[in-house]
1. In the range 42-61, what residues are surrounded by fewer than 11 Cβ atoms within 10 Å (Cβ to Cβ) and under 15 Å from Thr99 (Cα atoms)?
2. From the residues in the range 47-70 that are among the hydrophobic types (A, V, I, L, M, F, W, C) and part of a strand (DSSP E or B), which one is nearest to Val90 (Cα to Cα)?
3. One residue is enough: does the range 76-86 have a residue meeting the conditions modelled with pLDDT under 85, of a type in the set (Lys, Arg) and surrounded by 15 or more Cβ atoms within 10 Å (Cβ to Cβ)?
4. Just for the range 1-46: of the residues that are in contact with a strand residue (DSSP E or B) (Cβ under 7 Å, 6 or more places away or on another chain) and in a helix (DSSP H, G or I), which one is modelled with the highest pLDDT?
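The values are calculated or read from the model by the stated rules, or taken from the named source; none is laboratory data. Only a predicted model underlies this, so the values are computations on that prediction, with no experimental measurement involved. Please note: Cβ atoms are built from the backbone with ideal geometry, for glycine as well, and neighbour counts cover all protein chains shown.
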Amino acid sequence: MRKRYSIKLFLICLIISSCVYRPDLQQGNLLKIENIDRIEVGMTKSQIRYLLGGPVIGNPYQTDRWDYIYLYQDRMNAEPLNNDQRYWLVVYFENEKVTRIDKDVLTRPEL
């Protein structure tokens, strides 16, 4: 009787430990399309920070470029590379004003 109980307990523990939950991975700035469309050449850094927030990647050597990157992965999917959502927005400044905006920069050009 004791042996059956320990075998059942072992099997229950084995089954429970094999259930793994992998939460979705979301990193970066979640930007609204309306705010991205409101960005214009000539805006100041403070106006951009108000609309989009601060950049995710800070580069002390290149303060005239702000990168906004967003990544979403559905981690419960068997093939996680198929459902990746990637977005990269780059805003360039000169004299504290926007000079160029690159939208939909390729994050994986090899695919």
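1. Those that are surrounded by fewer than 11 Cβ atoms within 10 Å (Cβ to Cβ) and under 15 Å from Thr99 (Cα atoms): Gly42, Ser46.
2. Restricting to residues being among the hydrophobic types (A, V, I, L, M, F, W, C) and part of a strand (DSSP E or B), the top hit is Trp66.
3. Checked the range 76-86: at least one residue is modelled with pLDDT under 85, of a type in the set (Lys, Arg) and surrounded by 15 or more Cβ atoms within 10 Å (Cβ to Cβ).
4. Among residues in the range 1-46 that are in contact with a strand residue (DSSP E or B) (Cβ under 7 Å, 6 or more places away or on another chain) and in a helix (DSSP H, G or I), the one modelled with the highest pLDDT is Lys45.
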